[in-house]
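The values are calculated or read from the model by the stated rules, or taken from the named source; none is laboratory data. Worth saying up front: this structure is predicted, and the values here are computed from it rather than measured. Here the Cβ is made from the backbone with ideal geometry for all residues, glycine too, and neighbour counts use every protein chain on show. These area figures cover heavy atoms from the full protein model, side chains too; ligands, DNA and RNA do not enter into them. Shrake-Rupley method; radii C 1.70, N 1.55, O 1.52, S 1.80 Å.
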Amino acid sequence: QVQLVESGGGSVPPGRSLRLSCAASESILGFDAMGWYRQAPGKQRELVAVRPRWGSSRYADSVTGRFTISIDNAKNMVYLQMNSLKPEDTAVYYCNAERAMGGGWGRGTQVTVSS
């Protein structure tokens, strides 16, 4: 099973930016999609951004225009650039790898947006 390790979380005031990174233990070319999800306290885990192997990236309405998912296939890395952060973006962010034969989840990285 693929191992995914997130990094880059932290505590920032509203309006600032963060870039999350996800390191995969194997080539991400073998996955149908790579994505970022988040879970806020008391809420269900929700999709933030997904990058299919084929097709365009998709974003949650709440982050469209502010967040960007990108992939470095050579380094087996997935990134989430988060700009203009808002307090409602506070959550644990998880990296996800998806494929029919089994994907995986990272353990998450905390993002806190507060003044």
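Hey, among the residues in segment 43-53 that are open to solvent by 90 Å² or more (accessible area, probe 1.4 Å) and farther than 14 Å from Ile69 by Cα, which one's farthest from the chain's Cα centre (by Cα)? Before the answer, list the steps.
So in segment 43-53, the residues open to solvent by 90 Å² or more (accessible area, probe 1.4 Å) come out as 43-45, 53.
If we keep only those that are farther than 14 Å from Ile69 by Cα too, we end up with 43-45.
Values: Lys43: 17, Gln44: 15, Arg45: 12 Å.
Ranking the qualifying residues of segment 43-53, first place goes to Lys43.
Is it true that some residue in segment 95-104 is touching a Lys or Arg at 6+ places or on another chain (Cβ under 6 Å), farther than 13 Å from Pro14 by Cα, modelled with pLDDT of 95 or more and not in a loop (DSSP other than H, G, I, E, B)? Before you say what the answer is, go through the steps one by one.
Quick first cut of segment 95-104, residues touching a Lys or Arg at 6+ places or on another chain (Cβ under 6 Å) only: none.
No, the conditions are met nowhere in segment 95-104.
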Unmet requirement for Arg38, which otherwise passes all of (1) touching a residue at least 40 places away in the same chain (Cβ under 8 Å); (2) within 20 Å of Pro14 (Cβ to Cβ); (3) part of a loop (DSSP other than H, G, I, E, B); (4) open to solvent by less than 60 Å² (accessible area, probe 1.4 Å): (3)
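What are the residues in segment 11-58 that are among the charged types (D, E, K, R) and over 13 Å from Gln110 (Cα atoms), if any?
So the first thing to find is which residues in segment 11-58 are among the charged types (D, E, K, R), and the list is 16, 19, 26, 32, 38, 43, 45-46, 51, 53, 58.
Hits for segment 11-58 are Arg16, Glu26, Asp32, Lys43, Arg45, Glu46, Arg51, Arg53, Arg58.
Is it the case that some residue within segment 3-24 is at pLDDT below 95 and open to solvent by 20 Å² or more (accessible area, probe 1.4 Å)?
Applying the first criterion (at pLDDT below 95) to segment 3-24 yields none.
Taking every residue of segment 3-24 in turn, none turns out to be at pLDDT below 95 and open to solvent by 20 Å² or more (accessible area, probe 1.4 Å).
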Would you say Ala49 is over 28 Å from Pro13 (Cα atoms), in a strand (DSSP E or B) and hydrophobic (A, V, I, L, M, F, W, C)? no
Given the conditions (1) β-branched (Val, Ile, Thr); (2) over 14 Å from Leu4 (Cα atoms); (3) open to solvent by less than 60 Å² (accessible area, probe 1.4 Å), and given that Ile71 satisfies all but one, which numbered condition is not satisfied? (2)
Verdict on Leu29 being at pLDDT below 95 and either surrounded by 15 or more Cβ atoms within 10 Å (Cβ to Cβ) or out of contact with any Asp or Glu (no Cβ under 7 Å at 6 or more places or on another chain) (or both): yes
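Just need a number here: residues in segment 92-112 that are closer than 14 Å to Arg38 by Cβ and in contact with a Gly (Cβ under 9 Å, 6 or more places away or on another chain). Even if it seems obvious, please write down each step before you answer.
First pass over segment 92-112, keeping only residues closer than 14 Å to Arg38 by Cβ: 92-96, 105-112.
Subsequent filtering for residues that are in contact with a Gly (Cβ under 9 Å, 6 or more places away or on another chain) retains 92-96, 108-112.
So the answer is 10.
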Scan of segment 74-94 for residues that are more than 27 Å from Ser25 (Cβ to Cβ), open to solvent by 70 Å² or more (accessible area, probe 1.4 Å) and part of a loop (DSSP other than H, G, I, E, B), ordered by number: Lys86
